[in-house]
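> Input: one structure, supplied below.
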C-alpha cells in the first residue's frame, strides 16, 4: 500500500456512455470489446463528505464549532444551561446536515419509508453526537 492510498480514495463515477456503441478491433473489423471506463479521479479523503459524516469527524466538527462560539461570545456561553443548549443545537444541525447529504445522494433513491426511518435514526445519532461532544469539551476544559 502506498502513502497516497492512506489519504486518497477512488471516486465512483457512473458510466455515462448510455448504451451500445459500435466498436472496431485493432485491425479495423467491427466487433471487439467496448473501451473500458476511464479511471475515476482521485481526491484527498480529508475533503470528502465521508470525512465529516464519520462519527469522529462529526464529533470533532461539533466540538470545534461549540468551542469557537464559547471563545467568541463568552458572556452568553458562560451560563451553563445556555452553553448546553447551544451545543445541542449545533449537534442537531450537524446531524440533519449529514442526513440531508445521505438522502440527496444521486446514486440512491430512498423511499418515503426509508427517509422517515432515516430521519429517526438521524435524530438519535444527533443526540449521541451531542453527548460525545459534551464529553469531549468537558474533558478538554478540565
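The values are calculated or read from the model by the stated rules, or taken from the named source; none is laboratory data. Model, not experiment: these values are computed from the prediction. So basically every Cβ, Gly included, is an ideal-geometry build from the backbone, and we count neighbours across all protein chains shown.
> Just one of the numbered conditions (1) free of Cβ contacts under 8 Å to residues at least 24 places away in the same chain; (2) more than 17 Å from the chain's Cα centre (by Cα) is not true of residue 105; which one?
Single failed check for residue 105: (2).
> Report, by residue number, each residue of region 98-117 that is modelled with pLDDT of 90 or more and closer than 19 Å to residue 129 by Cβ.
117
> Could we say that residue 87 is more than 21 Å from residue 118 (Cα to Cα), surrounded by fewer than 19 Cβ atoms within 10 Å (Cβ to Cβ) and either in contact (Cβ under 8 Å) with a residue 12 or more places away in the chain or within 22 Å of the chain's Cα centre (by Cα) (or both) here?
So residue 87 fails the test.
> If residue 136 meets every condition in (1) more than 17 Å from residue 54 (Cα to Cα); (2) touching a residue at least 40 places away in the same chain (Cβ under 8 Å); (3) over 20 Å from the mean Cα position of the chain (by Cα) apart from one, which number is that one?
With respect to (1) more than 17 Å from residue 54 (Cα to Cα); (2) touching a residue at least 40 places away in the same chain (Cβ under 8 Å); (3) over 20 Å from the mean Cα position of the chain (by Cα), residue 136 is out only on (1).
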